[in-house]
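Report on the following structure.
The values are calculated or read from the model by the stated rules, or taken from the named source; none is laboratory data. Just so you know, these numbers come straight off a predicted model, no measurement behind them. Quick reminder, even Gly has a Cβ in these numbers, built from the backbone with ideal geometry, and neighbours come from all protein chains shown. These accessible areas exclude ligands, DNA and RNA; they are computed on the full protein's heavy atoms, side chains included. Shrake-Rupley method; radii C 1.70, N 1.55, O 1.52, S 1.80 Å.
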Amino acid sequence: MHFREIDHRMEPLHDVIVGINAGLAAIHKRLDTEEWFDGIWAREYAEPLLGLGFVAAQTYAVGTVSDLNSIRISRGKSKAENLKNYKCYTQDTFIKGDVTRLQLINAAANYFKHHDEWGARWPMEKPDGYTTETLGKVGITEKTEFPCIDAVELLCGTSWELNVLPKILKEWRVHLFSTLL
């Protein structure tokens, strides 16, 4: 057994999600305790926390592909993919249309990391065009006020709790390793 077959990435991801969920709970508490803090303020405060959750999930996914390729190479096989093509992210359940959960996680993370660079107009050409195209396929556009919240609601429901993300990622990792090793 190769040491990278053991999922050492899940516990740190889980810890990050627990921290983000605590931050989200604090935001919900403020809704009940601070008169001026309304639903719009809550969404403004929640958006970056959820974006960070997507970045943590994306980091897990990139690491998983790296683990997969290291194992394949150690067994004399070629890499499973060129990571820039995001082929491993298509090996998952579709969330809406032809977009998988992993593609949405990846696009939401990229959006969060780069949207300030884009200004008022979303890029339609690569490299960021892949992100905006993927988000557009699930109804998230430059007119969407809180893209990370919308992405979380597609994946996790309206509670905004990110507990579903580690489950999605673990399921995807098991599938990748069972089909591509």
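Of note:
- Matching residues in region 114-138 - criterion: being at pLDDT 85 or above and acidic (Asp, Glu): Asp116, Glu117, Glu133
- Only residues that are in a helix (DSSP H, G or I) and either touching a residue at least 12 places away in the same chain (Cβ under 8 Å) or under 18 Å from the mean Cα position of the chain (by Cα) (or both) were counted across region 6-29, and they come to 16.
- The residue pairs whose first member lies in region 118-143 and is within 10 Å of Ala107 (Cα to Cα), whose second member is among the aliphatic types (A, V, I, L, M) and open to solvent by 40 Å² or more (accessible area, probe 1.4 Å), and whose beta carbons are closer than 7 Å, counting only pairs six or more residues apart or on different chains, are Thr132/Met124.
- Residue list for region 148-165, filter: free of Cβ contacts under 8 Å to residues at least 40 places away in the same chain and more than 29 Å from Arg72 (Cβ to Cβ): Asp150, Glu153, Cys156, Gly157, Thr158, Ser159
- Members of region 1-45 found to be charged (D, E, K, R) and open to solvent by less than 50 Å² (accessible area, probe 1.4 Å), listed by number: Asp7
- In a residue-by-residue description of region 166-176, the property of being basic (Lys, Arg) and touching a residue at least 60 places away in the same chain (Cβ under 8 Å) applies to at least one position.
- Of the candidates Thr64, Thr100, the single residue that is on the phi < 0 side of the Ramachandran plot, within 13 Å of the chain's Cα centre (by Cα) and open to solvent by less than 50 Å² (accessible area, probe 1.4 Å) is Thr100.
- Within the option set Phe94, Phe54, Phe112, being loosely packed, with under 13 Cβ neighbours inside 10 Å, among the hydrophobic types (A, V, I, L, M, F, W, C) and closer than 17 Å to Leu154 by Cα holds for one residue only, Phe94.
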